[in-house]
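Quick notes on the structure that follows.
The values are calculated or read from the model by the stated rules, or taken from the named source; none is laboratory data. Just so you know, these numbers come straight off a predicted model, no measurement behind them. Positions of Cβ are backbone-derived with ideal geometry, glycine not excepted, and every protein chain shown enters the neighbour counts.
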Amino acid sequence: MCPRCVERTKAPLGRQPWFVAVCGIVTFGGYYLAHLDTVPISGRRRFIDITPKQEAMIAQVAYDSIIEEVRHAMNFLPDDHPDVIVIRKVAQRLIRATGLTGLNWEIHVVASSTPNAFVLPGGKIFVYTGILPIMRDEDGVAAVLGHEIAHQVARHSAEKFTFTKARIVVRCSLTLVGAQSGRRYAVASTPLMRIMRAGLELPFSRKCETEADQVRSGLMAQACFDPTAAIDVWKRMEKAHGHRGIEYMSTHPRNDSRVRNFERWMPEAQERRAQSDCNSGT
Ligand SMILES: [Zn+2]
């Protein structure tokens, strides 16, 4: 046996690379199983280890920073602006459909030519006026807001924070195993991180977007909006802004892929709408 191999065999168990690796796998496996939960509506099982309290703290920091940035530029539309009134009215109907009425939802409309809308964890929704012509009417507003609200329903932000933590754990583990074995696994960590991004992070991001679209269809139907409006909105988006790059390298599915999904989910959404009490003047 080579002198280095003898030296390794004699090393205490706690310093054996295989022992460290096995301990790591067992510990992570237990942790993973203890933090599995189910996404409402879509029923997807996922790993999430950010508590709602931690999520709220992160959300508050992000929210304060954005509010500060926008308020300085005085870009908020006033509460009595007709567009704000319509957007908030639509949001209230969708929020009622989520059942998350205890959350401190806030809807801000920002004067900006950028066609954008996004949600921060904790139910803080921002809609840019640049997207108004694409939304066009109340059903269109519901299609866009419903997607953002669905991200909150599914706690996608918390799941993404979890993903980021997992990346850090992988990187630290590689460094630790490298230090224990005397090999420089850390050198390989950069390409591994790139592979993780292309092979895991981007598909994960697209999965969240697709799931938000699916949950949105259900919410629109429950809130008595026309779920087919989403198809028209994304077709207009496609017309105005194109495919937005190759899907494989993107955080979002292509608009045409999304439209195909909307069409696939439509029978279920229409059935859900038929079961909602939409004739009672909701
Ligand atoms: Zn989204």
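When segment 126-157 is filtered for residues that are surrounded by fewer than 20 Cβ atoms within 10 Å (Cβ to Cβ) and farther than 17 Å from residue 236 by Cα, nothing remains. Under the condition of being in contact with a Lys or Arg (Cβ under 8 Å, 6 or more places away or on another chain) and surrounded by fewer than 18 Cβ atoms within 10 Å (Cβ to Cβ), the residues counted in segment 249-269 number 3.
I need the full set of residues from segment 103-132 which are touching a helix residue (DSSP H, G or I) at 6+ places or on another chain (Cβ under 8 Å) and in a helix (DSSP H, G or I), in order please.
Passing the criteria: 129, 131, 132.
Would you confirm whether any residue within segment 73-84 is at pLDDT below 85 and not polar (S, T, N, Q)? Yes. Cβ-Cβ distances below 7 Å connect no pair with a first residue in segment 141-163 that is without any contact (Cβ under 8 Å) to a residue 40 or more places away in the chain, a second residue that is more than 12 Å from the ligand (Cβ to nearest atom) and outside any helix (DSSP H, G or I), and a separation of six or more residues or different chains. In the set 179, 240, 198, only one residue is modelled with pLDDT of 75 or more, of a type in the set (Gly, Ala, Ser), assigned to a helix (DSSP H, G or I) and out of contact with any Cys (no Cβ under 6 Å at 6 or more places or on another chain); that residue is 240.
Does residue 147 qualify as being within 14 Å of the ligand (Cβ to nearest atom) and at pLDDT 90 or above? Spelling it out, residue 147 is indeed within 14 Å of the ligand (Cβ to nearest atom) and at pLDDT 90 or above.
In segment 57-69, the residues that are touching a residue at least 60 places away in the same chain (Cβ under 8 Å) reach residues that are among the β-branched types (Val, Ile, Thr) with C-beta atoms within less than 9 angstrom, at least six apart or across chains, in these pairs: 58/50. Taking each residue of segment 93-122 that is under 18 Å from residue 212 (Cβ atoms) and modelled with pLDDT of 90 or more and looking for partners that are away from the ligand (no atom under 16 Å from the Cβ) and of a type in the set (S, T, N, Q) with beta-carbon atoms closer than 9 Å, six or more apart or interchain, yields 93/282; 94/222; 95/101; 97/222; 97/276; 98/222; 105/92; 107/92.
Of all residues in segment 17-31, those that are farther than 13 Å from residue 174 by Cα have Cβ atoms under 7 Å from Cβ atoms of residues that are of a type outside the set (Lys, Arg) and in a helix (DSSP H, G or I), 6 or more apart or on another chain, in 19/13. The numbered conditions (1) more than 16 Å from the ligand (Cβ to nearest atom); (2) at pLDDT 90 or above are all true for residue 249 except (2).
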